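The structure appears below as structure tokens.
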Amino acid sequence: MIDQLVSLDQEAFLSINQGLSNVFFDWLMPILRNRYTWAPLYLFIIIFCVKNYGKQGILVVLFTLVTFGISDFTSSSVIKKSVQRVRPCNDVEFKEFVNVRVRCGSGYSFTSSHATNHFAIAVFLIMVFYRRWKPILWIGLVWAVVISFAQVYVGVHYPLDIISGALLGSLIGYLLGLVFRFLQPGLTLAKNPA
């Protein structure tokens, strides 16, 4: 059963990593998975929350940081160290089939921390803002999916790493979103947004 799952995961990996290969994706996917690419978005979220929601906005930012911290710790320090799955680009029996488009990294593969963290943040922000701004649902999910897909395309994660990370991150984001909603039942705009 496990062998069949691993085999299916490797086939799915190859269909993305090799089967979808093209010059445009070769350029775009390494950029999309780079954390510095998204720094302006993170800065915008911080400024937007504080400017428009005052003290509640500061709480949103703090909860977002806590969400990230819990998701990253759970994925990187608990699950990866327990499972110890080798990355496709480091697997001695498999890496000859992998198109590696970024530095491979020496860490383990399962679960993808990129997927865990981005889905956790996306789902948390969806939980916070969905009542006021419905497009956050699709924007947040597409953002997390694109970054996660890029991890497979560049050769550093298997699809199962991504799916598991997405589920884990979504659960963490949802739970933190529930806690935030309990503490702050409704967001109200600051009286004098700066």
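Centre-to-centre, using Cα atoms only, the stretch 153-172 and the stretch 105-139 are separated by 11 Å. The packing ranking, built from the mean of other Cβ atoms within 10 Å per residue, places the peptides 91-98, 44-51 in the order 44-51, 91-98, highest first. Per residue, the average separation of C-alpha pairs within less than 8 Å and at least 6 apart gives the chain a relative contact order of 31 percent. Neighbours of Cys89, meaning other residues whose beta-carbon lies under 13 angstrom from its beta-carbon, give a summed charge of +1 when Lys and Arg score +1 and Asp and Glu score -1.
Protection proxy ranking for 14-27, 104-117, using the average of other Cβ atoms within 10 Å per residue and placing the highest first: 104-117, 14-27. Left without a cysteine partner by the 4.7 Å Cβ rule in the chain: Cys49. For the chain, the per residue solvent-accessible surface stands at 56 Å², with DNA, RNA and ligands left out and a 1.4 Å probe. About the centre of its Cα atoms, the stretch 1-125 shows a dipole size close to 640 debye [charges on the beta carbon of Lys, Arg (+1) and Asp, Glu (-1) only; nearest 20 debye].
The value given for the stretch 1-151 is a Kirkwood hydrodynamic radius of 17.2 Å, derived from the mean inverse Cα-Cα separation.
Each 10 Å bin from zero up to the one holding the largest Cα-Cα distance in the stretch 68-193 carries the following percent of pairs: 14, 38, 27, 14, 6, 1, 0. Surface composition of the chain: carbon plus sulfur atoms contribute 69% of the solvent-accessible area (1.4 Å probe, protein chains only, all chains present).
The values are calculated or read from the model by the stated rules, or taken from the named source; none is laboratory data. Because the structure is a prediction, the values reported are computed rather than measured. When we count neighbours, we look across all protein chains shown, and the Cβ atoms used for this are built from the backbone with ideal geometry, even at glycine. Please note that ligands, DNA and RNA were not included when accessible areas were found on the heavy atoms of the full protein model with its side chains. Shrake-Rupley method; radii C 1.70, N 1.55, O 1.52, S 1.80 Å.
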